[in-house]
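Q: One structure coming up, written as structure tokens, with questions to follow.
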Amino acid sequence: MSEYIKLVYGGKTYQLPLITSTENEKAIDITSLRQETGLITFDTGYANTGSCASAITFVDGEKGILRYRGIPIEQLAERSTFTETAFLLINGVLPTRKELSHFSVLLNDQSTLHTDMQFFFQNFPRGSHPMGILSSMVNALRGFYPELQTVEEEINITVTRLISKIRTLAAMSYKISMGYKVVYPRPDLSYCANFLNMMFDNPVRPYIIDKDLVRALDIFWILHADHEQNCSTSAVRLVGSGRVNLYAAISAGIAALWGPLHGGANQAVIEMFFEIAEKGGSVTRAVERAKDKKDPFRLMGFGHRVYKTYDPRAKIMKKTCGKILKKLNIQDPLLNIALELEEVVSTDDYFISHNLYPNVDFYSGILLRAIGIPINMFTVMFAIGRLPGWIAQWKESADDPNWKLGRPRQIYVGSKKMKYLPIDKRER
Ligand code: ACO
């Protein structure tokens with residue numbers, strides 16, 4: 001029997017149906033609410049609003065569970081590669097050997113950039129943030145690669161083109177910003193190895209590819225590959241709902257990710273560690289500031305809208321980070337600061353009562369630094385990882401014959417109707 005809840009309003013009783021998810025979570029279906037009652041809901045930050053039904057990613061924030069297409073993140077991080085996980089997210093199933101090889105061939109075929117794109121890079125002002133450059137360049141891709149004839153061809157080629165080219169774009173923007181010679185992708189290298197080579201190979205010092213670093217990068221990108229309806233993914237779905245092309249929707253996602261409360265937190269965390277180190281290394285002041293309601297400072301890399309326990313991605317990131325630092329024999333003082341911060345807040349009443357635990361960004365920057373990634377590229381690394389998720393979420397919407405234009409409502413709190421005042425009568 002279908003379940004519903006009763007709403008009593010204006011002397012009438014309305015029945016609102018309940019929807020049950022695969023994992024037994026319940027939601028009130030309010031699609032007919034305004035039509036039947038004249039009411040809308042009010043939910044700033046959408047903390048209680050389900051914006052779509054999705055079969056891609058499951059998160060249980062209370063238990064610290066994350067699964068892509070049903071597979072636990074721990075198993076994917078242990079056994080999968082980033083390209084295999086991308087295929088899984090986008091197509092809904094793990095690829096067969098043949099499918100994976102075909103996907104890899106497409107990624108390889110699409111990996112170079114139109115040479116004219118280099119001129120774009122050169123004309124961004126020095127010091128432009130790589131996230132702004134990436135968002136613009138991804139949007140610009142549409143100009144270089146106009147729509148293909150058939151819908152299926154368009155989707156397959158655009159998807160692999162984006163996943164492949166984003167990595168070339170990122171590495172190229174780094175090389176050009178440093179004044180170095182651009183390194184092209186190589187057909188004999190895997191997705192992650194190719195990226196590292198494009199970033200760090202140099203005519204006078206050839207880059208030696210280390211399989212442990214390649215594996216660490218695979219894990220880093222798997223951990224970032226999707227996270228259901230977060231800020232940037234919702235931006236992709238919302239912008240996409242206007243039926244823009246996929247490049248424009250992804251460009252919007254990159255812009256949304258840039259913010260320090262979202263993907264930009266990985267850069268903000270390292271900057272916070274540096275500040276602590278510069279002021280003598282004591283974490284006490286940062287912890288006290290984070291608790292002071294008059295101070296806007298927050299402990300970056302802590303807290304999450306959904307996770308009210310330890311972020312499962314942060315656990316894997318911390319372990320991978322420890323392994324790589326040990327292997328490279330790096331003594332990073334920032335890791336000691338991170339460990340101390342985590343230890344101090346784990347017994348602090350404020351952090352316990354607010355359910356604030358490390359999120360994916362807390363340890364990720366230390367790993368990226370060990371790999372050699374410059375700090376201003378950290379959020380770009382997140383964006384490369386999140387791309388398959390954005391594409392999968394966009395595709396799920398686009399495949400839905402009832403995909404509606406996203407258009408929230410509002411509670412208007414401005415002036416009542418008033419007359420236009422001529423300029424010479426305005427006094428302030
Ligand atoms: N440091 C100190 N206090 C915090 C923190 C923090 N990092 N995060 C939340 N709080 C406190 C708030 O001050 C608030 O306290 P109050 O209820 O006493 O006023 C309470 O916890 C709830 O905070 P909200 O901002 O309402 O919670 P929300 O769910 O909106 O926040 C967010 C989630 C934005 C991630 C927040 O925890 C934060 O700002 N963290 C730091 C930035 C960060 O690491 N972002 C990356 C998130 S992961 C990702 O997007 C990839």
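The values are calculated or read from the model by the stated rules, or taken from the named source; none is laboratory data. These numbers come from a predicted model, not from an experiment. Cβ: placed from backbone, ideal geometry, glycine included. Neighbour counts: every protein chain shown. Keep in mind that these areas ignore ligands, DNA and RNA; they rest on the heavy atoms of the full protein, side chains included. Shrake-Rupley method; radii C 1.70, N 1.55, O 1.52, S 1.80 Å.
Q: Stretch Met178-Ile5 to full length: gain in nm at 0.36 nm per residue minus the Cα-Cα span?
A: Here the segment from Met178 to Ile5 would lengthen by 56.3 nm.
Q: Moving on to the next point. Given R₀ = 41 Å, what would the calculated FRET efficiency be for Asp29 paired with Arg79, taking r from the Cβ atoms and rounding to 0.05?
A: Numbers: r = 38 Å, r/R0 = 0.92.
Once the sixth-power term is evaluated, E becomes 0.60.
Q: Can you give me the accessible area per residue for the stretch 4-60, using a 1.4 Å probe, in Å²?
A: 75 Å²
Q: Stretch Asn48-Tyr412 to full length: gain in nm at 0.36 nm per residue minus the Cα-Cα span?
A: Length gained, Asn48 through Tyr412: 129.0 nm.
Q: Cut-off 10 angstrom, C-alpha nodes, Gaussian network model of the chain. Which of Asn48, Asn266, Asn24 fluctuates the most?
A: Most flexible of the set in this elastic network: Asn24.
Q: While we're looking at this one, here's another question. How large is ³J(HN,Hα), in whole Hz, for each residue of the stretch 161-173 in order, when computed from phi with the Karplus curve 6.51 cos²θ - 1.76 cosθ + 1.60 and θ = phi - 60°, using x for Gly and Pro?
A: After applying 6.51 cos²θ - 1.76 cosθ + 1.60, I find 4, 5, 4, 6, 6, 4, 6, 5, 4, 5, 5, 5, 5 Hz.
Q: On full extension of the chain, what length is gained from Tyr310 through Asn376, given 0.36 nm per residue of separation minus the C-alpha to C-alpha distance?
A: 21.1 nm
Q: Between Gln118 and Ser101, what is the label-to-label distance in nm when each label sits 7 Å out along the Cα-to-Cβ direction?
A: Here the modelled spin labels are 3.4 nm apart.
Q: Hey, got the dipole for the stretch 141-279? About the Cα centre, +1 on K and R Cβ, -1 on D and E Cβ, debye to the nearest 20?
A: 360 debye
Q: Same structure again: Please give the FRET efficiency for Thr37 paired with Asp109, using the beta carbon to beta carbon distance and R0 = 60 Å, rounded to the nearest 0.05.
A: 0.65
Q: For a protection proxy built on the mean count of beta-carbon atoms within 10 angstrom, sort 355-367, 153-165, 410-422 highest first, please.
A: Highest mean packing first, the order is 355-367, 153-165, 410-422.
Q: Roll a 1.4 angstrom probe over the protein heavy atoms and tell me the percent of accessible area of the chain that is carbon or sulfur.
A: Taking all protein chains in place, the chain shows 54 percent carbon and sulfur surface.
Q: Further, regarding this structure: Answer with one residue from Asn91, Gly372, Gly322: the one whose Cα lies farthest towards the positive end of the charge dipole of the chain, charges on Cβ with Lys, Arg +1 and Asp, Glu -1.
A: My answer, from the dipole projection, is Gly372.
Q: To continue, here is another question. Relative contact order for the chain: what is it in percent, counting Cα pairs under 8 Å that are at least 6 residues apart? If you can, show how the numbers build up before the last one.
A: On the way: 529 pairs, mean separation 83.8, N = 428.
Relative contact order here is 20 percent.
Q: So if R0 is 51 Å, what FRET efficiency would Gln15 and Val204 give, r being the distance between their Cβ atoms, rounded to the nearest 0.05?
A: 0.10
Q: Right, here's the next one. Using only the heavy atoms of the protein chains and a 1.4 Å probe, how would His224, His102 rank by accessible area, largest first?
A: Largest to smallest exposure gives the sequence His102, His224.
Q: Right, here's the next one. What is the magnitude of the charge dipole of the chain about its Cα centre, with +1 placed on the Cβ of each Lys and Arg, -1 on the Cβ of each Asp and Glu, and no other charges, expressed in debye to the nearest 20?
A: In total the dipole reaches around 1000 debye.
Q: Still on this structure: Students often get this wrong, so check it: of Lys175/Lys326; Lys211/Lys327; Lys26/Lys308; Lys63/Lys319; Lys308/Lys395; Lys63/Lys315, which have C-alpha atoms separated by over 22 Å?
A: Going by Cα-Cα distance, Lys175/Lys326; Lys308/Lys395 fall outside the 22 Å limit.
Q: How would you order 320-326, 50-56 from highest to lowest mean count of nearby Cβ atoms within 10 Å?
A: Going from most to least packed, we get 320-326, 50-56.
Q: Residues in the stretch 160-195 near a label at Lys211, defined as backbone nitrogen under 18 Å from the 7 Å Cα→Cβ point?
A: Correct set: 188-195.
Q: Right, another one. Spin-label point model (7 Å from Cα, Cβ direction): what's the Leu328 to Arg289 distance in nm?
A: With each label point 7 Å from Cα toward Cβ, the separation is 2.7 nm.
Q: Could you rank the peptides 181-192, 80-91 by their average count of other C-beta atoms within 10 Å per residue, with the highest value first?
A: Ranking, from highest mean packing down: 80-91, 181-192.
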